[in-house]
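Everything below concerns the one structure shown next.
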Amino acid sequence: MQELDALDFKKPIFSKEVLEWIAKENLWNLWVPKSYGGLEMSLSEGLKKLRSVAKVDGSLGWTVTLCSGANFFVGNLPKEIAEDIFIDLKKPVCFGGSGGVFGTAEKDGNGYVISGIWKYATGAPYLTHFTLNAKIQENGEDVIQKDGTPMIRSFLLHKNQVEIIEDWQTMGLKATATHSFRVEEQWVHKKYSFVYNEVHQPHPIFKVNFSLFADLTLWVNYLGMAEHFLEEAKIIGSSTKDINQLKTYIEKGDSLLVDFAAEIEKSIEQGYTFSEKYINTVHHEASKSVQLLSRGILGTYPSLGILASTENHVLNHVFRDYFTATQHHIFRKGTTESRIFKDLE
């Protein structure tokens with residue numbers, strides 16, 4: 001990681017050197033099959049890599065996590081489209097976009113006319129393709145499914161079909177450049193649409209329930225940033241009690257996450273599916289872990305002195321990144337239930 005440590009992460013957008021390093025390490029393609037030029041990592045391997053990158057810098061870890069997580073959708077794309085996009089291995093491919101349903105897709109022949117404004121596209125300036133969710137419409141009316149809900153599909157658009165709205169004005173994670181984007185009446189062939197539970201690749205990673213995948217890949221970012229904060233706090237000097245408490249929260253979170261990843265991989269290997277109860281359990285444990293990491297950081301921060309509140313100090317940088325990350329909707333409202341962490345209350 002020596003080469004990575006030498007890079008500057010204090011700028012509001014990644015430099016050419018940082019982006020070249022990401023491409024060199026092929027980090028956009030952690031989960032992409034080797035046949036498409038990816039690293040084809042297992043869940044456990046990928047989580048370990050994401051955690052190490054997040055420890056170096058919050059914006060770097062968050063961007064690599066969300067964009068490699070979007071490239072994960074290569075498993076949901078028809079094979080002909082996946083091959084077409086990833087076939088030129090000399091050109092980095094970076095997906096990203098929004099998980100919200102903020103626009104419409106009007107049926108039009110063999111495709112859809114897409115319009116809308118979507119928020120929170122992590123890495124917007126770095127993306128080659130944008131992913132989005134849209135309500136399917138016919139003649140201006142929502143298409144309703146048998147269960148009475150509007151039909152929603154996901155789409156992949158080239159960056160040339162998208163207008164970035166530079167509205168990311170947060171205290172931390174600045175270089176993630178998580179801007180909004182606008183699409184105005186862009187026609188997209190139906191073969192560039194997909195749904196999360198339809199998989200076209202045989203690799204085990206694509207059999208991971210997407211909610212589990214999202215929870216675990218984000219969770220490692222909080223753990224990585226918290227460990228970075230802990231190491232810097234030790235340098236400045238803080239109370240032993242506060243340091244040890246935060247250290248315990250990190251260790252417990254790491255242990256639990258590793259166990260969950262192993263359970264998930266074993267379940268896939270044995271052909272099991274994931275119950276709603278198990279998915280909820282993982283989410284509850286991850287949420288509680290993040291709550292306790294936040295508590296540990298806040299417990300340590302007041303004893304660190306004015307240096308930790310200085311804008312150009314690394315501790316302040318990590319602090320702002322971490323608590324900006326806590327506003328992600330997945331972990332913003334945590335649960336109070338926990339089988340592992342209840343003894344740490």
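A short reminder: the numbers here are calculations on the coordinates, not readings from a lab. Predicted model, so just to flag it, every value in this text is computed and none were measured. All Cβ positions, glycine included, derive from the backbone under ideal geometry; neighbour counts span all protein chains shown.
For the set Lys34/Lys277; Lys24/Lys55; Lys91/Lys191, the pairs lying more than 24 angstrom apart at their alpha carbons are Lys34/Lys277. Only Cα pairs under 8 Å and 6+ residues apart enter the sum, and on that basis the relative contact order of the range 95-194 stands at 34 percent.
The length gained on full extension between Lys48 and Val258, counted as 0.36 nm times the residue separation minus their Cα-Cα distance, comes to 74.7 nm.
Amide H contacts of Ala177: Gly123, each under 5 Å away and 5 or more positions distant or on a separate chain (H built 1.01 Å from N in the peptide plane; Pro and chain starts excluded).
The amide H of Trp187, built 1.01 Å from its N in the peptide plane, has Ile114 as neighbours under 5 Å, considering only residues 5 or more places off or on other chains. Using only Cα atoms, tell me the angle between helix 58-71 and the longest principal axis of the chain; keep it within 0 to 90° and round to the nearest 10. So the inclination is approximately 30 degrees.
Going by neighbour counts of Cβ atoms within 10 Å, the residues Leu256, Leu293 line up, fewest first, as Leu256, Leu293. Each residue in Ile306, Ile297, Ile165 was given a count of other beta-carbon atoms within 10 angstrom of its own, and listing them fewest first yields Ile306, Ile165, Ile297.
Here the contact order of the chain, divided by its residue count and restricted to Cα pairs under 8 Å and six or more residues apart, works out to 18 percent. Helix 314-325 sits at what angle to the longest principal axis of the chain, using alpha carbons and giving 0 to 90 degrees rounded to 10? The helix 314-325 is inclined about 40 degrees to the chain. Loop exposure criterion: trypsin sites (Lys or Arg not before Pro), DSSP state outside H, G, I, E and B, at most 11 other Cβ atoms within 10 Å. Applied to the chain, the longest stretch between such sites is 147-332.
Suppose R0 equals 41 Å; then what is the FRET efficiency for Lys107 and Lys241 from their Cβ-Cβ distance, rounded to the nearest 0.05?
Values: r = 62 Å, r/R0 = 1.51.
Rounded to the nearest 0.05, the efficiency is 0.10.
Around the amide H of Ile165, modelled in the peptide plane, lie the amide H atoms of Ser180, Phe181, Arg182, all under 5 Å away and 5 or more residues distant in sequence or on another chain.
Across the range 47-57, rounded Karplus estimates of 3J(HN,Hα) from the backbone phi angles (6.51 cos²θ - 1.76 cosθ + 1.60, θ = phi - 60°) give 5, 4, 5, 4, 5, 5, 6, 5, 5, 5, 7 Hz, Gly and Pro being marked x.
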